[in-house]
Amino acid sequence: MKGPRPTRILIVTGMSGAGKSTALDTLEDMGWEVVDNLPLVLLDRLLATDMPMGASDARPLAFGIDSRTRGFDATAIAARIQTIRATGAEIEALFLDSTGAELERRFSETRRRHPLALDRPAVDGIARERELMAPLRTLADHVVDTTAFNANQLKADIRARFGGSSTSGTTVSVMSFGFARGIPRNADLIFDMRFLRNPHWIDDLRPKTGLDSDVADYIAGDTAYADAMARIEELLVTLLPRYAEEGKSYVTIAFGCTGGRHRSVHAADRVSARLREAGFSPTVDHRDLTRSPDHSTEGEKDRASASRGNDGTVEQR
C-alpha cells in the first residue's frame, strides 16, 4: 500500500552565507522533512518514494540546493521546477539573499572559505555566485533579505511564513527598530515615530523600554499621540484585508524611532494589540530592544523635542 505524498514542497536556495542552513533547520524543527544538497537528478526519485507504512499524513518536504549541489545549473533547476509545477504539484521556492558586504563580513568572521572562491577573496565568489543564482532568484515565490537578521530573527521569519497549516490569508508581522541602526530591508510599511517626544532624555525613563507602563504613559502624553495612533491603526485595519484580497501572503509593518527602544517599541506593541482585536494574528519582533541606551544615536534635536511640553513650550530641566 502506498503512503501519502508530500502536500507541500519547498525549494530552499540562495546565496552562500545568507542563512540556508538555519532555514532548513527551522523547517525540520517545525516537522518538515528536509533534504539538503541532493543531486537534482534524484529529485524525481525522492518525490516518487512512498511514505513509511502507517504514516497518518504526508509531511511537507523542504529540498535544499545551492552552488555546491552536484551538477548545479540554476537555469536547468528553474526549468525543472516549472516542469514539476506543470504536473499540478504544489512546489514553492524560497531564495535567501543578503548584501555582498554583509556576506563578506560573515565569511570573514567565521573564517570559512566561499565555495566558489576557495583560493581567492570571498568577494570574488560572492559576485560569481550572484550571477549564477539569478534564474532561481527570479523564479522564487519568497525572497528574504537576511542582511539585518540574526539567527533568531530568520527563524521567526521562517516560522511566520511556513508554520501555518493553511496557506490562505495574510501573515502579518509587526516590528520595532531604530533608524540609527538601519531601516529593516523586508518591511512593507514603515511608520516614523520620531515626531513623538523622546523618553530617552528623561533620566528615570532612559534605562527602561516602551514595554514599561511609565514610558508608555510618557509617550501617550504627547499632544499628537492619540490622533496619530488612531489614524495609523485605522489605516492598517483598512489596508490589511485589501492586501489579502490582492493575494499578498506576507505583510511586515515596521515602527521606527531613533534608538529603537522606546517610542517604536510602544507603538508596535499597541498596534499589535489593536490588530489582534480586529481579528489578525501578528507576530511581534523588537529588533533593537536589547541594545544599550546611547546618547550618540539620539542627537540634540531629539533632546529638545523630548523636553517639549504639551503646550508647545520647552520645559527647563
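Some values worked out for this structure:
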{"quantity": "Single residue of region 84-133 satisfying the filter (within 16 Å of ASP73 (Cα to Cα), touching a helix residue (DSSP H, G or I) at 6+ places or on another chain (Cβ under 6 Å) and outside any helix (DSSP H, G or I)) that is modelled with the lowest pLDDT", "calculated": "LEU116"}
{"quantity": "Some residue of region 160-167 being out of contact with any helix residue (DSSP H, G or I) (no Cβ under 9 Å at 6 or more places or on another chain), under 26 Å from PRO115 (Cα atoms) and assigned to a loop (DSSP other than H, G, I, E, B)", "calculated": "no"}
{"quantity": "Matching residues, region 147-177, being closer than 16 Å to GLY19 by Cα, modelled with pLDDT of 85 or more and aliphatic (A, V, I, L, M)", "calculated": "ALA148, ALA151, LEU154, ILE158"}
{"quantity": "Positions within region 89-109 being in contact (Cβ under 8 Å) with a residue 60 or more places away in the chain and open to solvent by 50 Å² or more (accessible area, probe 1.4 Å), in sequence order", "calculated": "GLU90"}
{"quantity": "Sole exception among (1) open to solvent by less than 40 Å² (accessible area, probe 1.4 Å); (2) more than 22 Å from ALA273 (Cβ to Cβ) for PRO184, by number", "calculated": "(2)"}
{"quantity": "Flag for LEU27 being over 22 Å from GLU129 (Cα atoms) and modelled with pLDDT of 80 or more", "calculated": "yes"}
{"quantity": "For ASP119: the one exception among (1) surrounded by fewer than 18 Cβ atoms within 10 Å (Cβ to Cβ); (2) of a type in the set (Asp, Glu); (3) within 12 Å of the chain's Cα centre (by Cα)", "calculated": "(3)"}
{"quantity": "PRO199, sole failed condition from (1) touching a helix residue (DSSP H, G or I) at 6+ places or on another chain (Cβ under 7 Å); (2) open to solvent by 50 Å² or more (accessible area, probe 1.4 Å)", "calculated": "(2)"}
{"quantity": "Check on ILE190, outside any loop (DSSP other than H, G, I, E, B) and open to solvent by 40 Å² or more (accessible area, probe 1.4 Å)", "calculated": "yes"}
{"quantity": "Spans of helices (runs of 4 or more DSSP H) in region 195-293 with at least 1 residues in contact (Cβ under 8 Å) with a residue 40 or more places away in the chain and either under 30 Å from ASP141 (Cβ atoms) or in contact with a strand residue (DSSP E or B) (Cβ under 8 Å, 6 or more places away or on another chain) (or both)", "calculated": "225-245, 263-277"}
{"quantity": "Residue count for region 210-239, restricted to those that are exposed (fewer than 13 other Cβ atoms within 10 Å of the Cβ), over 21 Å from LEU289 (Cα atoms) and among the hydroxyl-bearing types (Ser, Thr, Tyr)", "calculated": "1"}
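Quick grid of which residues meet (1) modelled with pLDDT of 90 or more; (2) not basic (Lys, Arg):
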position	(1), (2)
LYS2	no, no
THR7	no, yes
GLY14	yes, yes
GLY17	yes, yes
THR22	yes, yes
ASP36	no, yes
VAL41	no, yes
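The values are calculated or read from the model by the stated rules, or taken from the named source; none is laboratory data. A quick note: this is a predicted structure, and the numbers were derived from the prediction, not measured. Cβ sites come from the backbone with ideal geometry, for glycine too, and all protein chains shown count toward neighbours. These area figures cover heavy atoms from the full protein model, side chains too; ligands, DNA and RNA do not enter into them. Shrake-Rupley method; radii C 1.70, N 1.55, O 1.52, S 1.80 Å.
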